[in-house]
Amino acid sequence: MKQHIFTIVVFLTVAFCSTLYAAADEFPCGENCQVNYTTAQDIEEAINDFLGNQLSATVTRNAETGVFTVTFSDGRVLSTISVGLTLRAQNMLQQRHMGETEDGQLRLRSRSGLQIQLRNAFHDEPAAIGAMLRERWRNMEWFRNRLEIESPSGERMCLEPAMEIIPGQPSADTTLATDENGRLFVRYRDGFQQHLQACAHDMIQLRDQVRTLLREQLQLHTDGTISVRVAGQLLRYRLEATLRWSNILDHPGFFMEQNRLYFRYRDGWEQELVPLS
């Protein structure tokens, strides 16, 4: 059962099912708490504690970027980076816990008391950004693990890397492409492919509006989707990566246009929210 839940949370193959950890003390470490920078061994231990005997994971770390590559025995691969430090409760057996933080980061605690937090990361960020610039993407702004950039056609877009990366054939250089569904992805020189998923132009504003209007908490997920409970029903949306300029300042909020839901940010940018069944 734990293996099944872990697979659901990491690869997000079904609707929201993980636990939200909002409080900072959900993972008490106790007085005898060991603290260290997160290592590949830490992540490997935490993940394998959830997988059981039928599936295993190995983890490597890029010494230059700090990005961890998690390779599962069934061939699936994740690209992730640690958030904060690793905590380990000494001489204390713990109950395993796993969930997503409000910001969509994956949080794990193993039975040995090891506690880590992970988020999506570019497999090779310099190569990905270099490919975009070569193909005339421009006016880029970085925001932690996401970026806003103008496409060659002039569209302003908010993009972030997906956690899962797909093995493939090596190529001469890193390039950009779109899949059969029109989703943008990076094809790296080593053959890995990584989708660039949509992100919120300003998640804090979006979350505050939901809290004000509905008195509910907006949850961001690892796959870039968002969810909120309304009248006991869980509603899930994906954001459109493309932003549009409204020229309307200081009037944030949700609105409908031609049966489509949009959110206007305080700085005048608007973004569509697409409901998921």
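Selection of strands (runs of 3 or more DSSP E) fully inside segment 112-163 by the criterion of at least 1 residues being outside the structural domain of Asn48 (by TED's automatic domain parsing), basic (Lys, Arg) and over 30 Å from Thr86 (Cα atoms) returns 138-143, 156-161. Would you check if there is a residue in segment 206-218 being part of a strand (DSSP E or B) and closer than 28 Å to Arg183 by Cβ? Looking for residues that are part of a strand (DSSP E or B) and closer than 28 Å to Arg183 by Cβ, one finds none in segment 206-218, hence no.
Rundown of residues vs (1) closer than 24 Å to Ser151 by Cβ; (2) assigned to a loop (DSSP other than H, G, I, E, B); (3) more than 24 Å from the chain's Cα centre (by Cα), yes/no style:
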position	(1), (2), (3)
Arg244	yes, no, no
His251	no, yes, yes
Phe254	no, no, no
Leu261	yes, no, no
Asp267	yes, yes, yes
Gln271	yes, no, no
Val274	yes, no, no
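Which members of segment 66-101 meet the condition of being in a strand (DSSP E or B) and at pLDDT 95 or above? Result: Phe68, Thr69, Val70, Thr71, Phe72, Val77, Leu78, Ser79, Thr80, Ile81, Ser82. Would you check if Thr222 is of a type in the set (Ser, Thr, Tyr), outside the structural domain of Ile149 (by TED's automatic domain parsing) and surrounded by 15 or more Cβ atoms within 10 Å (Cβ to Cβ)? Against the criterion (of a type in the set (Ser, Thr, Tyr), outside the structural domain of Ile149 (by TED's automatic domain parsing) and surrounded by 15 or more Cβ atoms within 10 Å (Cβ to Cβ)), Thr222 qualifies. Can you find even one residue in segment 64-82 that is under 30 Å from Asp267 (Cβ atoms) and assigned by TED's automatic domain parsing to the domain that holds Asn36? Yes, segment 64-82 has at least one match. Among the residues examined, Pro152 qualifies as out of contact with any Ser or Thr (no Cβ under 6 Å at 6 or more places or on another chain), surrounded by fewer than 20 Cβ atoms within 10 Å (Cβ to Cβ) and at pLDDT 95 or above. Taken as a whole, the structure leaves Arg236 outside the set of residues that are at pLDDT 95 or above, touching a Gly at 6+ places or on another chain (Cβ under 7 Å), farther than 17 Å from Glu160 by Cβ and not aliphatic (A, V, I, L, M).
The values are calculated or read from the model by the stated rules, or taken from the named source; none is laboratory data. Keep in mind that what you see is a predicted model, and the values were worked out from it rather than measured. Backbone-built Cβ (ideal geometry, glycine too); neighbour counts: all protein chains shown.
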